[in-house]
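J.: Before I ask anything, let me first share the structure, which is written out below as C-alpha cells.
Readers should treat all values here as calculations from the given coordinates under stated rules, not as data from a laboratory. Please read these numbers as outputs of a predicted model, since none were measured by experiment. Glycine also receives a Cβ, built like all others from the backbone with ideal geometry; neighbour counts cover every protein chain displayed.
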Amino acid sequence: AQSVTQLGSHVSVSEGALVLLRCNYSSSVPPYLFWYVQYPNQGLQLLLKYTSAATLVKGINGFEAEFKKSETSFHLTKPSAHMSDAAEYFCAVSEYNFNKFYFGSGTKLNVKP
Amino acid sequence: EAQVTQNPRYLITVTGKKLTVTCSQNMNHEYMSWYRQDPGLGLRQIYYSMNVEVTDKGDVPEGYKVSRKEKRNFPLILESPSPNQTSLYFCASSSRIGQGVDGYTFGSGTRLTVV
C-alpha cells in the first residue's frame, strides 16, 4: 500500500516568510499527487495537483509544489506567508491504475504577525 | 455551483440508534467516498464507490454501511452507532483521470457525536 509522510505536524512562520511544507510518498511508480487545505470548521479544498505533466505545479493562493521523482517528494511552498494562510494542509496520493486515495496526516501552519 | 452537499452538519445521537448521513453531488462524478477525520489520525477512508451499485471497503469500514443506487447520492449508514464513531465525517466525489482518481471535491463535513 501507498504511504504518504508529512514531516512536521505543526509549522510556524512569520508573516512574509517562506512557507515550506514537506511531503514524501512511497510509490515506486509516479502517482498523481495533490495538496489540500482545510480552514477551521470547513471541508478540504484542492490547492493544486500533479498529474504527470509539468513537474512544477502552481496552485491557488500563490502556492506551488515541485514533483521530484528521485526524492519521491512533493513539497508545498509559498514565497511569502500571509495571515490568511493559517490552516491545516494535507498531501495526498492517488495511485495510477488504482482506486485508492491516500492522505498524509496533515501539517498545521501557523502564521505569526 | 459544483458542490458536494452533506446533511446534517451536526448530529448528536445515542448509542444504538440507527442514523443516515446523506451525501449528494451535482458534478456527475463516478467516484464517491466517505472519510472520517480524527485528531492525530488524519483522514481515513470508510467506503468508496466507483459507480452506481459498485462499492468497496476502505481502511475503516467496521460499523458502517453505504449504498449507491443513483450516481449523485452516496449515503452513509450507521446501523448501531457507538461512541467510538464520534468523529468528523466527510463525503467526497471525483472524476477519473487516466487510470486513477482525480482530485476530490469535499463536502463541508458532518460532526457526529454518539453518547
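J.: For peptide B:39-45, how many partner chain Cβ atoms fall within 10 Å of a residue's Cβ, on average?
T.: Working: counts 1, 3, 2, 11, 11, 1, 4.
If you average over the peptide's residues, the count of other-chain Cβ atoms is 5.
J.: Then there's this: Can you give me the distance in nm between label points at B:Arg111 and A:Leu18, each placed 7 Å from the Cα along the Cα-to-Cβ direction?
T.: Going by the 7 Å Cα→Cβ label model, 3.7 nm.
J.: Report the Cα-based extents of chain B along its three principal axes, largest first, to the nearest Å.
T.: If we take the Cα atoms of chain B, the spans are 43, 28, 26 Å.
J.: Stokes-Einstein D for chain A at 37 °C, 0.692 mPa s, Kirkwood Rh over Cα pairs, in µm²/s? Intermediate results must be reported in sequence, preceding the final value.
T.: Details: Rh = 14.1 Å.
Approximately 233 µm²/s, per Stokes-Einstein.
J.: Report, to one decimal in Å, the Kirkwood hydrodynamic radius for the protein assembly as shown based on all distinct Cα pairs.
T.: On the way: mean 1/r = 0.0553 Å⁻¹.
Computed over Cα pairs of the protein assembly as shown, the Kirkwood hydrodynamic radius comes out at 18.1 Å.
J.: Within segment B:3-47, name every residue whose backbone N is under 14 Å away from a label modeled 7 Å from Cα of B:Ser80 along the Cβ vector.
T.: B:15-19
J.: Okay, moving on. Rank-order B:39-47, B:76-84 by packing density, defined as the average count of other C-beta atoms within 10 Å over each peptide's residues, highest first. Intermediate values should be presented prior to the final figure.
T.: Values: B:39-47: 17.3, B:76-84: 14.9.
The peptides rank, most packed first, as B:39-47, B:76-84.
J.: What list do you get for B:Phe90, A:Phe63 if you sort them by fewest beta carbons within 10 Å? Before the final figure, lay out each step's value.
T.: On the way: B:Phe90 24, A:Phe63 20.
Lowest count first: A:Phe63, B:Phe90.
J.: Right, another one. Please give, to one decimal in nm, the separation of the simple spin-label points placed at A:Tyr39 and A:Glu64, each 7 Å out from Cα toward the Cβ.
T.: Inter-label distance under the simple model: 2.4 nm.
J.: How would you rank A:Met83, B:Met32, B:Met27, going from fewest to most other Cβ atoms within 10 Å of each one's own Cβ?
T.: Numbers: A:Met83 9, B:Met32 26, B:Met27 12.
In order of increasing Cβ crowding within 10 Å: A:Met83, B:Met27, B:Met32.
J.: Projected onto the charge dipole of chain B (+1 at Lys/Arg Cβ, -1 at Asp/Glu Cβ, origin at the Cα centre), which of B:Pro8, B:Ser33, B:Asn73 gives the Cα projection farthest towards the positive end?
T.: B:Pro8
J.: Roughly how crowded by other chains is peptide B:102-110, in terms of the mean Cβ count from those chains within 10 Å of each of its Cβ atoms?
T.: 6
J.: Mind scanning A:Lys58/A:Lys100; A:Lys58/B:Lys69; A:Lys78/B:Lys71 and naming the pairs with a C-alpha gap bigger than 32 Å? The partial results should precede the final answer.
T.: On the way: A:Lys58/A:Lys100 24 Å; A:Lys58/B:Lys69 37 Å; A:Lys78/B:Lys71 38 Å.
Result: A:Lys58/B:Lys69; A:Lys78/B:Lys71 exceed 32 Å.
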